[in-house]
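This report concerns only the one structure given below.
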Amino acid sequence: MSSLKFEICDITQVAVDAIVNAANKTLLGGGGVDGAIHSAAGPELLEECRGLNGCETGEAKITRGYDLPSDFVIHTVGPVYSGSDSDPVLLADCYRNSLDLAVEHDLHSVAFSAISTGVYGYPLADAAAVVLPVVSQWLVDHSDYSMDVLLTCFDNQVYDSYSDYVEKYTGSNDYLKKLKY
Ligand code: AR6
């Protein structure tokens with residue numbers, strides 16, 4: 001049985017099979033959660049990232065976690081928010097492709113950062129309205145595979161965007177209907 005939850009936490013302190021980094025196309029580090037993950041993982045993470053030849057927006061690549069409590073880091077590149085129709089498509093791709101990559105590596109617990117909602121400017125409520133339906137639908141579509149998904153919230157604003165969405169949710173997805181937070 002899979003699970004979906006969100007909580008206020010620092011993703012660099014979480015111990016799961018893989019944490020998902022909000023990277024940029026170079027995969028060579030940056031600020032925000034990317035900088036925090038590289039600092040906590042140590043320089044070997046950057047060394048491995050140098051061999052990946054970057055990553056396109058919406059796609060995902062995997063490395064080891066080195067000094068992090070989690071075994072692997074999935075690096076995905078969110079869209080720079082533009083207000084266009086491609087934003088939600090690309091943000092959804094980040095989450096789906098990261099989960100698909102986790103399955104390919106036989107991983108069963110994944111913690112996401114709130115991709116694109118910092119430097120890349122994606123409005124929190126709009127991101128929540130993409131992330132929660134996409135992840136919960138992915139779990140339904142992969143019901144033969146056990147996957148525990150944690151959506152990390154670095155602050156109350158991210159947390160509130162998820163809880164506001166869930167409170168207003170009127171659909172039939174069991175992961176959202178029964179979500180405890
Ligand atoms: N744990 C969990 N979440 C965090 C942490 C943490 N330790 N630190 C920040 N966040 P951002 P983006 C949240 O800007 O918008 C980088 O320079 C933060 O509160 O890190 O996708 C990359 O290299 C926010 O909600 O990522 C790219 O150039 C969320 O992480 C660019 O920023 C994402 O904010 C990517 O921008």
message: Among the numbered criteria (1) over 20 Å from Pro79 (Cβ atoms); (2) surrounded by fewer than 16 Cβ atoms within 10 Å (Cβ to Cβ); (3) in contact with a helix residue (DSSP H, G or I) (Cβ under 9 Å, 6 or more places away or on another chain), which one does Lys178 miss?
response: (3)
query: What number of residues within the range 1-13 satisfy the criterion of being outside any helix (DSSP H, G or I) and either at pLDDT below 95 or within 8 Å of the ligand (Cβ to nearest atom) (or both)?
result: 3
In the range 14-25, the residues that are closer than 16 Å to Asn53 by Cβ and within 8 Å of the ligand (Cβ to nearest atom): Ala23, Asn24
- request: Kindly indicate whether any position in the range 38-54 is within 28 Å of Gln137 (Cα to Cα) and within 9 Å of the ligand (Cβ to nearest atom).
  value: no
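Which one of these is open to solvent by less than 10 Å² (accessible area, probe 1.4 Å) and out of contact with any Ser or Thr (no Cβ under 9 Å at 6 or more places or on another chain): Gly30, Gly65? Before you say what the answer is, go through the steps one by one.
Values: Gly30 fails: open to solvent by less than 10 Å² (accessible area, probe 1.4 Å).
None of the others qualify; the one that does is Gly65.
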task: Determine whether the range 20-27 contains at least one residue that is within 15 Å of the chain's Cα centre (by Cα), at pLDDT 95 or above and open to solvent by 60 Å² or more (accessible area, probe 1.4 Å).
output: no
- prompt: If you check every pair at least six apart or on different chains, which have Cβ atoms under 6 Å apart with a residue in the range 1-14 that is closer than 16 Å to Asp160 by Cα first and a residue that is among the polar types (S, T, N, Q) and within 15 Å of the ligand (Cβ to nearest atom) second?
  reply: Cys9/Thr152
statement: By my count, strands (runs of 3 or more DSSP E) wholly in the range 63-181 with at least 2 residues that are away from the ligand (no atom under 14 Å from the Cβ) are 148-153
field: Which numbered condition Val80 misses (of (1) farther than 16 Å from Ala23 by Cα; (2) among the aliphatic types (A, V, I, L, M); (3) surrounded by fewer than 20 Cβ atoms within 10 Å (Cβ to Cβ))
entry: (1)
field: The one condition in (1) part of a loop (DSSP other than H, G, I, E, B); (2) under 13 Å from Val73 (Cα atoms); (3) within 11 Å of the ligand (Cβ to nearest atom) that Gly30 fails to fulfil
entry: (2)
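The values are calculated or read from the model by the stated rules, or taken from the named source; none is laboratory data. Please read these numbers as outputs of a predicted model, since none were measured by experiment. Note that we place each Cβ from the backbone using ideal geometry, even for glycine, and neighbour counts take in every protein chain shown. When the accessible area is computed, the model is the full protein with side chains, heavy atoms only, and any ligands, DNA or RNA have been set aside. Shrake-Rupley method; radii C 1.70, N 1.55, O 1.52, S 1.80 Å.
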